[in-house]
Amino acid sequence: MRSLIIKPARFRSSTAPDNQATVRAELDHFIADQAQAITNVPLTTVEINFYHHEVYCGKELIAYIAYDHDEFVTQPWLVMVNGKEEFRDTTPNRCQRFIEWHHKDGTLRETFPAPFKVPEVPRILEISFYDQEAFVGDELVASISYDHDNYQNLYWRVLVNNVEIFRDLRATRCHSYIKQQY
């Protein structure tokens, strides 16, 4: 690895280009291009029900806003990204602002290379109140079921090939988890 030697200004020749400034300018240009690409795609919020909203950037589900029904919670509205709680507040509007702000500056979630083609969002088919299935086209990608034997808080679970991969209080949160992970 080559080390960069920076000479004091009085010894620097006026004809030698300043490599550090050039690299910094290229980095600033790259960051500005990425920020512009993010801000050009509008966010769309879809209300599943009063207590559950999904936030899309184009066709990609980037976050969801859900209501925490536990007692004595002072900030019941929460932002979930990839099945993890990222933010909590008193109103869904503040959660929406959090998503918009962090989406614009690129800190909402880990950045992954964008897929060439965004896949179809899985649709949820309700078999019964206790059993649902997520399909993409004719292919079954996951199942959501109510765990009758669980006496804790997390009653709903997501199963892929009969292996549990996620658990939550509400079936709608499991739906959003599947859509985000797909």
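The values are calculated or read from the model by the stated rules, or taken from the named source; none is laboratory data. Note that the structure is a prediction, hence the values are computed from the model and not measured. Areas reflect the complete protein model, heavy atoms only, side chains present, ligands, DNA and RNA absent. Shrake-Rupley method; radii C 1.70, N 1.55, O 1.52, S 1.80 Å.
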With DNA, RNA and ligands ignored, accessible area of Phe98 (1.4 Å probe; Å², nearest 10)
40
Top to bottom by accessible area (1.4 Å), largest first, where do Cys57, Cys95 land?
Cys57, Cys95
Length-normalised contact order of the range 41-89, Cα under 8 Å, at least 6 apart, in percent, tallies to 23
In Å², nearest 10: area of Glu47 left accessible to a 1.4 Å probe:
120
The set of residues whose placed amide H lies less than 5 Å from the amide H of Ile48, leaving out same-chain residues fewer than 5 positions away, is His53, Glu54
